[in-house]
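Scroll down for the structure; my scribbles are underneath it.
The values are calculated or read from the model by the stated rules, or taken from the named source; none is laboratory data. Computed from a predicted structure; not experimentally measured. Cβ sites come from the backbone with ideal geometry, for glycine too, and all protein chains shown count toward neighbours. For the accessible areas, the whole protein counts, side chains as well, though only heavy atoms, and no ligand, DNA or RNA atoms are used. Shrake-Rupley method; radii C 1.70, N 1.55, O 1.52, S 1.80 Å.
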Amino acid sequence: MKKRFHRKDVADIMDSVARTYSEFNYNRNMEELHRLHKGAFDYAIVTGPHKWSHVHCPQRRYRLITINVVECINSCLKFPRQLPMMTLAEFIRNMLQKWFHDRHAVAWSMRHQLTDTAHLMILKRVKKCNYMTVNTVDWNIFSVKLKGNQWIVNLHFKTCTCNKFQMDYFPCSHALAAARYMRCYMPSDIASQVVLNPKSKRQSGHPMEGRHASYSERTTTQSCRRCRKSGHNSRRCSNPQMVNEGPSISVLHEYRRKCGICHSIGHNKQTCPEKDSTVE
(Lines give C-alpha, C1' and ligand atoms only; values in the text may rest on other atoms or scores of the structure.)
Protein backbone atom coordinates (compact mmCIF):
# COMPACT_ATOMS: atom_id res chain seq x y z
CA MET A 1 0.00 0.00 0.00
CA LYS A 2 2.88 2.38 0.78
CA LYS A 3 4.61 1.65 -2.53
CA ARG A 4 1.40 1.94 -4.53
CA PHE A 5 0.09 5.24 -3.12
CA HIS A 6 3.36 6.71 -1.69
CA ARG A 7 1.75 7.84 1.57
CA LYS A 8 2.92 6.66 4.97
CA ASP A 9 -0.31 7.63 6.76
CA VAL A 10 -2.33 5.50 4.35
CA ALA A 11 0.00 2.54 4.91
CA ASP A 12 -0.23 2.92 8.70
CA ILE A 13 -4.03 3.02 8.79
CA MET A 14 -4.15 0.07 6.37
CA ASP A 15 -1.86 -1.91 8.67
CA SER A 16 -4.20 -1.15 11.58
CA VAL A 17 -7.19 -2.31 9.53
CA ALA A 18 -5.46 -5.57 8.61
CA ARG A 19 -4.30 -6.41 12.15
CA THR A 20 -7.43 -5.52 14.10
CA TYR A 21 -9.42 -8.30 15.76
CA SER A 22 -12.83 -6.68 16.16
CA GLU A 23 -15.46 -5.72 13.62
CA PHE A 24 -16.01 -2.37 15.35
CA ASN A 25 -12.37 -1.29 15.01
CA TYR A 26 -12.30 -2.56 11.43
CA ASN A 27 -15.24 -0.38 10.40
CA ARG A 28 -13.86 2.63 12.25
CA ASN A 29 -10.44 2.33 10.61
CA MET A 30 -11.99 1.78 7.18
CA GLU A 31 -13.99 5.01 7.55
CA GLU A 32 -10.79 6.85 8.43
CA LEU A 33 -9.06 5.29 5.40
CA HIS A 34 -11.94 6.48 3.20
CA ARG A 35 -11.48 10.03 4.46
CA LEU A 36 -7.71 9.95 3.92
CA HIS A 37 -7.57 8.35 0.45
CA LYS A 38 -10.60 7.13 -1.48
CA GLY A 39 -8.42 5.34 -4.05
CA ALA A 40 -6.76 3.24 -1.35
CA PHE A 41 -10.15 2.46 0.12
CA ASP A 42 -11.50 1.27 -3.24
CA TYR A 43 -8.36 -0.80 -3.86
CA ALA A 44 -8.75 -2.54 -0.48
CA ILE A 45 -12.43 -3.34 -1.14
CA VAL A 46 -11.81 -4.64 -4.67
CA THR A 47 -8.93 -6.85 -3.48
CA GLY A 48 -11.21 -8.51 -0.95
CA PRO A 49 -11.04 -8.13 2.85
CA HIS A 50 -10.93 -11.92 3.25
CA LYS A 51 -7.43 -11.90 1.73
CA TRP A 52 -5.76 -9.41 4.09
CA SER A 53 -8.01 -8.79 7.12
CA HIS A 54 -7.84 -10.83 10.33
CA VAL A 55 -11.52 -10.33 10.99
CA HIS A 56 -12.82 -11.56 7.63
CA CYS A 57 -10.28 -14.29 6.87
CA PRO A 58 -12.03 -17.72 6.79
CA GLN A 59 -8.81 -19.70 7.48
CA ARG A 60 -6.40 -19.77 10.39
CA ARG A 61 -3.80 -17.06 9.96
CA TYR A 62 -1.77 -17.41 13.20
CA ARG A 63 -0.92 -13.66 13.26
CA LEU A 64 0.33 -13.77 9.65
CA ILE A 65 -0.62 -10.92 7.33
CA THR A 66 0.37 -12.33 3.95
CA ILE A 67 -1.14 -15.51 2.48
CA ASN A 68 1.06 -15.59 -0.65
CA VAL A 69 4.22 -17.54 0.15
CA VAL A 70 5.44 -17.12 -3.42
CA GLU A 71 5.86 -13.39 -2.91
CA CYS A 72 8.03 -14.06 0.14
CA ILE A 73 10.34 -16.26 -1.92
CA ASN A 74 10.37 -13.79 -4.81
CA SER A 75 11.58 -11.03 -2.52
CA CYS A 76 14.60 -13.19 -1.61
CA LEU A 77 15.30 -13.92 -5.30
CA LYS A 78 15.05 -10.35 -6.55
CA PHE A 79 18.71 -10.14 -7.64
CA PRO A 80 19.62 -13.87 -8.07
CA ARG A 81 16.87 -14.19 -10.72
CA GLN A 82 19.25 -12.51 -13.15
CA LEU A 83 21.75 -15.38 -12.83
CA PRO A 84 21.87 -18.42 -15.14
CA MET A 85 19.46 -21.26 -14.46
CA MET A 86 21.95 -23.66 -12.85
CA THR A 87 23.44 -20.94 -10.67
CA LEU A 88 19.95 -19.84 -9.61
CA ALA A 89 19.03 -23.42 -8.67
CA GLU A 90 22.20 -23.77 -6.59
CA PHE A 91 21.47 -20.45 -4.87
CA ILE A 92 17.95 -21.58 -3.95
CA ARG A 93 19.30 -24.86 -2.59
CA ASN A 94 21.88 -23.11 -0.41
CA MET A 95 19.30 -20.61 0.82
CA LEU A 96 16.81 -23.30 1.87
CA GLN A 97 19.58 -25.37 3.42
CA LYS A 98 20.65 -22.40 5.54
CA TRP A 99 17.07 -21.70 6.58
CA PHE A 100 16.47 -25.26 7.73
CA HIS A 101 19.81 -25.38 9.58
CA ASP A 102 19.24 -22.10 11.41
CA ARG A 103 15.72 -23.02 12.49
CA HIS A 104 16.84 -26.48 13.56
CA ALA A 105 19.61 -24.94 15.69
CA VAL A 106 17.14 -22.51 17.27
CA ALA A 107 14.74 -25.36 18.03
CA TRP A 108 17.44 -27.37 19.81
CA SER A 109 18.58 -24.35 21.83
CA MET A 110 15.13 -23.61 23.29
CA ARG A 111 15.14 -23.34 27.08
CA HIS A 112 11.38 -23.33 27.57
CA GLN A 113 8.41 -25.44 26.53
CA LEU A 114 7.47 -22.70 24.05
CA THR A 115 9.58 -20.92 21.50
CA ASP A 116 11.49 -17.83 22.61
CA THR A 117 9.11 -15.54 20.74
CA ALA A 118 6.03 -17.15 22.27
CA HIS A 119 7.62 -17.19 25.73
CA LEU A 120 8.42 -13.47 25.61
CA MET A 121 4.91 -12.75 24.37
CA ILE A 122 3.44 -14.71 27.28
CA LEU A 123 5.60 -12.79 29.78
CA LYS A 124 4.56 -9.49 28.23
CA ARG A 125 0.88 -10.39 28.46
CA VAL A 126 1.21 -11.74 32.00
CA LYS A 127 2.36 -8.31 33.18
CA LYS A 128 -0.96 -6.86 32.03
CA CYS A 129 -2.84 -9.37 34.18
CA ASN A 130 -1.76 -7.59 37.38
CA TYR A 131 -4.11 -4.70 36.61
CA MET A 132 -7.13 -6.81 35.61
CA THR A 133 -10.10 -7.80 37.74
CA VAL A 134 -11.52 -11.29 37.22
CA ASN A 135 -15.05 -12.30 38.20
CA THR A 136 -16.31 -15.89 37.94
CA VAL A 137 -19.45 -16.62 35.91
CA ASP A 138 -19.14 -20.41 36.18
CA TRP A 139 -16.34 -22.97 36.17
CA ASN A 140 -15.29 -22.13 32.58
CA ILE A 141 -16.59 -18.61 31.86
CA PHE A 142 -15.01 -15.52 33.42
CA SER A 143 -15.55 -11.78 33.24
CA VAL A 144 -12.31 -9.78 32.97
CA LYS A 145 -12.39 -6.00 33.54
CA LEU A 146 -9.77 -3.30 32.96
CA LYS A 147 -10.28 0.49 32.97
CA GLY A 148 -13.99 0.29 32.33
CA ASN A 149 -13.72 -2.34 29.57
CA GLN A 150 -15.03 -5.87 29.97
CA TRP A 151 -14.23 -9.13 28.17
CA ILE A 152 -15.79 -12.59 28.51
CA VAL A 153 -13.38 -15.53 28.49
CA ASN A 154 -14.41 -19.17 27.99
CA LEU A 155 -11.51 -21.46 28.89
CA HIS A 156 -13.35 -24.61 27.79
CA PHE A 157 -13.88 -23.47 24.18
CA LYS A 158 -10.75 -21.23 24.24
CA THR A 159 -12.54 -18.07 23.18
CA CYS A 160 -12.52 -14.44 24.25
CA THR A 161 -14.62 -11.47 23.17
CA CYS A 162 -11.42 -9.71 22.03
CA ASN A 163 -11.15 -12.47 19.35
CA LYS A 164 -7.38 -12.88 19.80
CA PHE A 165 -7.69 -16.22 21.60
CA GLN A 166 -9.68 -17.95 18.84
CA MET A 167 -8.01 -16.22 15.87
CA ASP A 168 -4.35 -16.60 16.85
CA TYR A 169 -4.84 -19.87 18.80
CA PHE A 170 -2.65 -18.21 21.45
CA PRO A 171 -3.91 -17.08 24.87
CA CYS A 172 -4.57 -13.36 25.18
CA SER A 173 -3.94 -11.37 28.36
CA HIS A 174 -7.57 -11.79 29.41
CA ALA A 175 -7.38 -15.58 29.10
CA LEU A 176 -4.12 -15.60 31.07
CA ALA A 177 -5.76 -13.56 33.80
CA ALA A 178 -8.67 -16.01 33.99
CA ALA A 179 -6.31 -18.99 33.97
CA ARG A 180 -4.21 -17.48 36.75
CA TYR A 181 -7.35 -16.82 38.73
CA MET A 182 -8.31 -20.47 38.46
CA ARG A 183 -4.66 -21.56 38.90
CA CYS A 184 -4.77 -23.61 35.68
CA TYR A 185 -1.20 -24.80 35.66
CA MET A 186 0.21 -27.87 33.99
CA PRO A 187 0.63 -30.92 36.29
CA SER A 188 4.20 -31.68 37.34
CA ASP A 189 4.16 -35.22 35.90
CA ILE A 190 3.27 -33.85 32.45
CA ALA A 191 5.64 -30.88 32.62
CA SER A 192 8.58 -33.18 33.47
CA GLN A 193 8.17 -35.26 30.31
CA VAL A 194 10.57 -34.50 27.47
CA VAL A 195 9.20 -34.93 23.95
CA LEU A 196 11.88 -35.66 21.34
CA ASN A 197 11.74 -36.15 17.61
CA PRO A 198 10.63 -39.64 16.53
CA LYS A 199 13.39 -42.05 15.59
CA SER A 200 13.26 -42.92 11.91
CA LYS A 201 15.51 -44.87 9.56
CA ARG A 202 15.73 -44.54 5.81
CA GLN A 203 14.84 -47.69 3.94
CA SER A 204 17.66 -49.42 2.08
CA GLY A 205 17.79 -49.63 -1.69
CA HIS A 206 16.89 -47.25 -4.47
CA PRO A 207 13.67 -45.29 -3.86
CA MET A 208 10.73 -46.46 -5.92
CA GLU A 209 9.95 -44.01 -8.72
CA GLY A 210 6.45 -45.25 -9.44
CA ARG A 211 3.74 -46.63 -7.21
CA HIS A 212 2.18 -50.01 -6.72
CA ALA A 213 -1.01 -50.53 -8.67
CA SER A 214 -4.11 -51.05 -6.59
CA TYR A 215 -6.21 -54.18 -6.77
CA SER A 216 -8.79 -52.54 -9.03
CA GLU A 217 -6.09 -51.45 -11.49
CA ARG A 218 -4.60 -54.92 -11.99
CA THR A 219 -5.59 -56.90 -15.09
CA THR A 220 -6.23 -60.60 -14.46
CA THR A 221 -6.15 -63.29 -17.17
CA GLN A 222 -7.40 -66.86 -16.91
CA SER A 223 -4.82 -69.61 -17.02
CA CYS A 224 -5.52 -73.28 -17.77
CA ARG A 225 -3.84 -75.76 -15.46
CA ARG A 226 -4.19 -78.54 -18.02
CA CYS A 227 -2.39 -77.11 -21.04
CA ARG A 228 -0.87 -74.10 -19.17
CA LYS A 229 -2.17 -71.59 -21.68
CA SER A 230 -4.03 -68.35 -20.96
CA GLY A 231 -7.47 -67.34 -22.16
CA HIS A 232 -9.51 -70.26 -20.77
CA ASN A 233 -9.73 -72.65 -17.83
CA SER A 234 -9.41 -76.40 -17.45
CA ARG A 235 -13.18 -77.04 -17.72
CA ARG A 236 -13.32 -75.59 -21.23
CA CYS A 237 -9.92 -76.84 -22.38
CA SER A 238 -9.76 -78.95 -25.54
CA ASN A 239 -5.95 -78.96 -25.86
CA PRO A 240 -3.68 -81.91 -25.01
CA GLN A 241 -2.69 -82.16 -21.36
CA MET A 242 0.76 -80.98 -20.25
CA VAL A 243 2.49 -83.45 -17.91
CA ASN A 244 5.83 -82.88 -16.17
CA GLU A 245 8.26 -85.77 -16.42
CA GLY A 246 11.38 -84.81 -14.53
CA PRO A 247 12.59 -81.43 -13.27
CA SER A 248 12.59 -79.67 -16.66
CA ILE A 249 10.86 -82.00 -19.14
CA SER A 250 7.32 -81.31 -20.33
CA VAL A 251 5.52 -83.80 -22.58
CA LEU A 252 2.19 -83.26 -24.33
CA HIS A 253 -0.25 -86.15 -23.98
CA GLU A 254 -3.44 -86.37 -25.99
CA TYR A 255 -6.46 -85.68 -23.88
CA ARG A 256 -9.56 -87.74 -24.62
CA ARG A 257 -12.94 -87.22 -23.04
CA LYS A 258 -14.42 -90.18 -21.12
CA CYS A 259 -18.16 -90.69 -20.65
CA GLY A 260 -19.45 -90.92 -17.09
CA ILE A 261 -22.35 -93.24 -18.08
CA CYS A 262 -20.92 -95.88 -20.43
CA HIS A 263 -17.26 -95.13 -19.61
CA SER A 264 -16.40 -94.97 -23.28
CA ILE A 265 -13.77 -92.62 -24.74
CA GLY A 266 -14.66 -90.00 -27.31
CA HIS A 267 -17.74 -88.35 -25.79
CA ASN A 268 -19.18 -87.20 -22.46
CA LYS A 269 -22.41 -87.98 -20.62
CA GLN A 270 -24.23 -85.06 -22.22
CA THR A 271 -23.80 -86.59 -25.71
CA CYS A 272 -23.88 -90.28 -24.67
CA PRO A 273 -26.16 -92.39 -26.92
CA GLU A 274 -27.09 -94.61 -23.94
CA LYS A 275 -28.31 -91.65 -21.87
CA ASP A 276 -32.00 -92.13 -22.76
CA SER A 277 -31.98 -95.88 -22.15
CA THR A 278 -30.34 -95.38 -18.75
CA VAL A 279 -32.99 -92.90 -17.71
CA GLU A 280 -35.80 -95.32 -18.67
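Please list Asp276, Asp138 from largest to smallest accessible area, probe radius 1.4 Å, with all protein chains kept in place.
From most accessible down to least: Asp276, Asp138.
Tell me, what HN-Hα J-couplings in whole Hz come from the Karplus equation 6.51 cos²θ - 1.76 cosθ + 1.60 at θ = phi - 60° for each residue of segment 169-182, using x for Gly and Pro?
Running phi through 6.51 cos²θ - 1.76 cosθ + 1.60 with θ = phi - 60° gives 6, 9, x, 7, 5, 5, 5, 5, 5, 5, 5, 5, 5, 8 Hz.
Report the Cα-based extents of segment 23-62 along its three principal axes, largest first, to the nearest Å.
31, 20, 11
For Ile141 and Tyr169, what does the FRET efficiency come to when R0 = 25 Å and r is the distance between their Cβ atoms, rounded to the nearest 0.05?
That gives a FRET efficiency of 0.80.
So what's the Cα pair-distance distribution over segment 1-131, bin width 5 Å, in %?
Distribution as computed: 2, 8, 12, 13, 13, 13, 15, 13, 7, 3, 0, 0 percent.
If the reach is capped at under 29 angstrom between alpha carbons, list the lysines near Lys147, excluding any in the same chain fewer than eight residues apart.
Lys124, Lys127, Lys128, Lys158, Lys164
For the pair Cys76/Thr271, report the inter-label distance in nm, with labels modelled 7 Å from Cα in the Cβ direction.
8.0 nm
By how many nm would the segment from Lys128 to Ala89 grow when fully extended, if each residue of separation counts as 0.36 nm and the alpha-carbon distance is taken off? Kindly include the intermediate steps, with their values, before the conclusion.
Values: separation 39, 0.36 × 39 = 14.04 nm, distance 4.83 nm.
Gain in length upon complete extension: 9.2 nm.
Taking all protein chains together and a probe of 1.4 Å, list Tyr131, Tyr43 from the most accessible to the least accessible.
Accessible-area ranking of Tyr131, Tyr43, largest first: Tyr131, Tyr43.
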